[in-house]
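The values are calculated or read from the model by the stated rules, or taken from the named source; none is laboratory data. Fair warning: this is a prediction, and the values are worked out from it, not measured in the lab. Cβ placement follows ideal geometry from the backbone for every residue including glycine, while neighbour counts extend to all protein chains displayed. Note: areas computed on protein heavy atoms with side chains; ligands, DNA, RNA excluded. Shrake-Rupley method; radii C 1.70, N 1.55, O 1.52, S 1.80 Å.
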Amino acid sequence: QTQNKICSTPTLRSIRASNHPNSKYALLALDNSILGRLFSRCSLDGDQIDCSAFSIGSSATYTSGDCESEWITIDFGIHPSDFSDPIMPSSKCDCIYFLSKSGSVLIRRANNGQFGEWKRWAVPKSIRLKTLTDVHSVKDSSIFAISAEGDLIEFNENGKNLRRTWRNHKHPPGSQLAPFEGLAFVSPFVDERTAEREASFFLLSRQGDLVEFRSGGASSSSSFISGHWIKHGKPTGKAAKLSSPVVGMIAGSALRVFATSLEGHVYEWRMPSFNLEQRRSSNRLSNVPMFRSTWIDHKHPRINSDDDADEEDDDDNGNRGRISRSSLTISKFGIFAKTAGGELARLNIKSQRLAKLKVTSREMTTFAVVPKEEYWEWAIHALPKEIGGEGTTNLAPQCSDNSGNKGNAVSSIYMHDSALS
């Protein structure tokens, strides 16, 4: 391996965290050079190189400019013109999945910490794959992709014949799928009838609607069971045309799905966890009032309120704050995004008030905990010195939270009052 000092970020594409717990490489990326290099972010200690998650995580000793971690070339021969973004590491094996420009599925498997030879899966002529959307998240042996026709395609690596290997789940009536990565979601609640966990894909249609492909259960040995499509609609407003990969999480007693609009606003679709629990139960309450799913416009870091949204969007400051249409990143510290001005932005819940409500049907009474009132915070974090930012110096913009603690960010805080039905 050529151990060049690459303190700053090379011109990379498809930067991805490895999902496999035993992977030697925690963070992977490809470059655009003719060499087709595969990189990993690694820490350096003399001649020792460590690319595991522990070594490149948050470090109290790291100082911007010290170059204690760098991008290391770990493989060659992946020409940028041969594949389509994104690359996708698997959580079930130490391997990376690609989609070639010709539509084939490519696999690069690791062996003793080194990535080995390519394996190529040919695709039937009737299927034209456009982008990968999930690898092994809801099924141990299945890869999901969006086709050029806007359909959800499942590829089962353990299929015994063509019909069982390739399955077309189509698309919602009148709503072809947009070629964006979706959210693979496995419910935390076990269905009492099938002993399976309900599995779903949340995707965007070409019209900007959020759609869900929901199964009656996810199985490691078969395709989706009795899958069906559900439309969740779209947010309203002039900045509401969604056009980005979809991410999500369960937090604050709700399932939250996020996407970015063409105007650079971050939108959230929220469904209380009570609804998730009720829809999987064989003893679901008859005529129980379900809570309404809602859309929330989180705008972007340079907009502080509804009153000044139009004014901020029209100036250079507002344009710089708009969120790019690249994928948002979910972590326990919040939702991270890149702004149009090249800044690192973070959105998180500053505080939340929950409501415990009585839900009654003819058969029984139960209680539901749902979000009532939330305070959200946008922060723009200082960029590393190596790429022209102010790093962690005192020159970085600062803000104070409610306790008076300061951090390297500029911040705006606003309130959202959840609508309950």
Exercise for the section: Determine if segment 79-86 includes at least one residue that is assigned to a strand (DSSP E or B), open to solvent by 50 Å² or more (accessible area, probe 1.4 Å) and at pLDDT 85 or above. Expected result: no
Problem - Among (1) at pLDDT 90 or above; (2) open to solvent by less than 30 Å² (accessible area, probe 1.4 Å); (3) closer than 30 Å to residue 23 by Cα, the one test that residue 116 misses - result: (1)
Exercise for the section: Would you mention how many residues in segment 340-355 are among the basic types (Lys, Arg) and touching a residue at least 24 places away in the same chain (Cβ under 8 Å)? Expected result: 2
Handout entry: Condition broken by residue 103, with the remaining ones in (1) modelled with pLDDT under 80; (2) surrounded by 13 or more Cβ atoms within 10 Å (Cβ to Cβ); (3) more than 30 Å from residue 159 (Cβ to Cβ); (4) not aromatic (Phe, Trp, Tyr) satisfied
Key = (3)
Handout entry: Criterion (modelled with pLDDT of 85 or more and either in a loop (DSSP other than H, G, I, E, B) or farther than 21 Å from residue 150 by Cα (or both)) met by exactly one of 221, 244
Key = 244
Practice task
Name every residue in segment 136-174 that is open to solvent by 20 Å² or more (accessible area, probe 1.4 Å), in a strand (DSSP E or B) and among the polar types (S, T, N, Q), in order of residue number.
Solution key: 168
Exercise for the section: Among the residues of segment 175-205, write down those that are at pLDDT below 90 and part of a loop (DSSP other than H, G, I, E, B). Expected result: 191, 192, 193, 194, 195, 196
Fill in the blank from the handout: Among the residues of segment 324-361, the number that are under 24 Å from residue 264 (Cα atoms) and among the charged types (D, E, K, R) is 6
Practice task
Assess whether residue 250 counts as being buried (at least 22 other Cβ atoms within 10 Å of the Cβ), under 23 Å from the mean Cα position of the chain (by Cα) and modelled with pLDDT of 85 or more.
Solution key: no
